[in-house]
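The values are calculated or read from the model by the stated rules, or taken from the named source; none is laboratory data. What you see is a predicted model; the values in this text were computed from it and never measured. Neighbour counts are summed over all protein chains in view; Cβ atoms, including those assigned to glycine, are modelled from backbone coordinates with ideal geometry.
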Amino acid sequence: MDSRYLRSLIAVADSGSIADAARAEGLTAAAVSQRIQALERELGFELLSRAGHAAKATEACIALLPRARRIVSEVALLAGDADDEGLTGTLRIGAISTALTGMLPGVLQTLTRQAPGVRPVIVPGTSRSLHQALLAGEIDAAILVRPPFELPRTLHARLLRQEELILLARRRLRGDAAALLQAQPYIRYDPSAWGGRPAQRYLDDQGLRPTLLCDLDALETIAMLVADGVGVSLVPHWNGIEKLAAGCRMEPVEGAGGGLYRRDIILLTPAQGARPNMLRLLAEAIPAG
């Protein structure tokens, strides 16, 4: 059995679409379909239930997916087994959107320069989804917002940045944070997102009830909307916001007694990972602060 076929099956099961899986793997939809059909012939049962453009994993497929993921993961480690330094093979790095643009470009340059045998695979996602992917062994490391709960001992967290909460508004608007939040449409960083909780906590602490325009878990989009004069927002001061919010005020907001609100960005890795040297090099390549 070709492990690449299992990888294609996993991609289809995760995306729910042969076309999406094909794009992710750099293959044609026909090639992915042929791989699935070959697996079905070898195993002797149906793996996907097809309906139009959608492809849903059958109960039998769902039952074998955990083992298939382990097999694909173990195969990916083979190249590193022949390398005494453990710096050969794939390293799957999950990252939230602001880390993708503000942090990872320089990190990847440093990592691949110091370890040419490492092939980084970048997996974008929300903090919540990346945390789950790391627990499931689908990625090797994640750059995300610190979860609002205690992490299990099986994971190791390293603090990378502390991003203070700021008022984001057009420069032409006058008034302090409280006045602007009450007077202007409020573009809310989704409070159900881990990174959006400090903004909601600030509003609750100050007793502010702005007029909500919309909820978004997309900081880049929020910055562009504010820059276009659509409304105001409370967002973390991430690396790269200045490129998107030219012409905007960026003022830290404080609570009672001068306390700051912030979100912590961490590098999350397994405490006992299969690629310790790669993960060490990755951590060293990320500038803290």
When (1) crowded, with 16+ Cβ neighbours inside 10 Å; (2) under 30 Å from GLU150 (Cβ atoms) are applied to ASP205, the one that fails is (1)
Given the structure, is ARG119 touching a residue at least 12 places away in the same chain (Cβ under 8 Å), part of a strand (DSSP E or B) and surrounded by 18 or more Cβ atoms within 10 Å (Cβ to Cβ)? no
Inside region 218-272, counting only strands (runs of 3 or more DSSP E) that do not spill past its ends, which hold 3 or more residues that are surrounded by fewer than 23 Cβ atoms within 10 Å (Cβ to Cβ) and more than 24 Å from the chain's Cα centre (by Cα)? 248-252
Name the residue that is modelled with the lowest pLDDT, counting only residues in region 24-47 that are of a type in the set (Gly, Ala, Ser) and within 29 Å of the chain's Cα centre (by Cα). ALA24
Somewhere in region 132-147, is a residue of a type in the set (Asp, Glu), surrounded by 15 or more Cβ atoms within 10 Å (Cβ to Cβ) and in a strand (DSSP E or B)? no
Consider ALA178 against the criteria (1) assigned to a strand (DSSP E or B); (2) closer than 27 Å to GLY255 by Cα: it satisfies all of them except one. Which criterion is unmet? (1)
Does region 127-150 include one or more residues that are of a type in the set (Ser, Thr, Tyr), in contact with a Phe, Trp or Tyr (Cβ under 7 Å, 6 or more places away or on another chain) and not assigned by TED's automatic domain parsing to the domain that holds GLY229? yes
Check off (1) of a type in the set (Val, Ile, Thr); (2) at pLDDT 95 or above; (3) surrounded by 20 or more Cβ atoms within 10 Å (Cβ to Cβ); (4) over 24 Å from the mean Cα position of the chain (by Cα) for THR211 and give me the number that stays unchecked. (3)
Being free of Cβ contacts under 8 Å to residues at least 12 places away in the same chain and out of contact with any strand residue (DSSP E or B) (no Cβ under 7 Å at 6 or more places or on another chain) is true for just one of ALA183, ALA193, ALA178. Which residue is that? ALA183
Suppose we filter ALA271, ALA283 for residues that are more than 15 Å from LEU144 (Cα to Cα) and among the hydrophobic types (A, V, I, L, M, F, W, C); which single one remains? ALA271
Determine whether region 124-142 contains at least one residue that is at pLDDT 95 or above, over 25 Å from ALA68 (Cα atoms) and of a type in the set (A, V, I, L, M, F, W, C). no
Going by what's in this entry, would LEU108 be described as part of a strand (DSSP E or B) and not charged (D, E, K, R)? no
